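In what follows, a structure is listed as structure tokens, so that the remarks can point back to it.
Just so you know, all these numbers are worked out from the coordinates, no wet-lab data involved. Being a predicted model, the structure only gives us computed values, none of them experimental. We place every Cβ from the backbone using ideal geometry, glycine too, and count neighbours over all the protein chains shown.
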Amino acid sequence: MRKAVVLVVAALLLSAGSALAQGKKVEISGLVGWTFSDGVAGDAVRAPDGNTYNAIDLKDSFNWGLMFGVMANDNFEVGFMFNQQPSKLRLEGTQNRELGDMNINSYHGYFAYNFGDAEAKLRPYILGGIGATNFGSVDYTNAAGAGASTSSATKFSTTWGAGVKFYPAPSVGLRFGMRWTPAYITSEAGGWWCDPYWGCYVVGNAKYANQFDFSGGVTIRF
């Protein structure tokens with residue numbers, strides 16, 4: 001999975017280099033906003049503290065990010081984005097338990113289409129990207145009262161968004177947008193599927209941790 005992400009980023013950088021050689025415009029954006037995060041549910045597990053837990057959830061929180069994009073032509077943009085959400089990891093079940101702080105970092109190469117003329121002051125856009133989301137380690141106190149920590153994990157993810165850019169000046173603008181970022185966590189058996197030719201086999205039920213963020217910020221282009 002990591003090799004695939006590296007290849008996608010490399011392709012985006014090559015496209016950006018080609019665009020720069022042709023004198024196309026570069027955009028750098030700093031963003032801040034709010035993320036609504038969802039975790040995943042699973043089989044109920046009885047923990048040493050006497051409670052039964054069946055879901056791992058992520059707390060909604062502030063986010064910040066950076067974007068680097070290159071206009072391949074007047075409308076088509078390629079780039080890379082980084083986003084961080086300082087969240088908290090929580091167990092849910094017969095009793096909810098907050099374990100501790102968790103940073104969620106996402107890295108995506110993206111393709112965007114900007115509507116309207118290149119010199120327009122108002123430009124709506126849509127984007128789609130592919131990359132990875134890292135769920136950081138969490139330090140917590142276990143049922144015995146001793147310190148413990150979870151391991152960080154990096155998962156394949158995509159990102160999809162839309163928004164608008166407003167340019168009060170030729171080189172400085174504002175952007176506002178929303179994005180949905182589903183990160184693949186695992187698959188569970190979802191049942192059987194049968195075909196007269198291929199026979200019967202187990203169908204997987206994929207589970208995703210979702211992030212829905214709303215953000216705005218300043219864009220500088222040159």
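Some observations on this one:
- Modelled label reach - ALA47, point 7 Å along Cα→Cβ, segment 120-145 residues with backbone N closer than 20 Å: 135-145
- Going by neighbour counts of Cβ atoms within 10 Å, the residues SER157, SER171 line up, fewest first, as SER171, SER157.
- Charge context of LYS88, other residues only, Cβ under 15 angstrom, K/R +1, D/E -1: -4
- Calculated FRET value between PHE166 and ILE126, using beta carbons and R₀ = 25 Å, to 0.05: 0.95
- For segment 140-173 versus segment 86-131, the gap between their alpha-carbon centres in whole angstrom: 6
- Ranked ARG179, ARG90, ARG46, criterion: other C-beta atoms within 10 Å, fewest first: ARG46, ARG90, ARG179
- Residue-count net charge about THR150 - beta-carbon cut-off 12 Å; Lys, Arg +1, Asp, Glu -1: -2
- Placing dummy labels 7 Å off each Cα toward the beta-carbon, the span from TYR140 to PHE222 is 4.6 nm.
- Each Lys or Arg adds one and each Asp or Glu subtracts one; over the other residues with Cβ under 10 Å from the Cβ of ASP101, this totals 0.
- Panel order for THR181, THR186, by other beta carbons found within 10 Å of each beta carbon, from fewest to most: THR186, THR181.
- Look at the dipole of segment 56-140 built from charges on Cβ: of ASN96, GLY129, ALA118, the Cα furthest out on the positive end belongs to ASN96.
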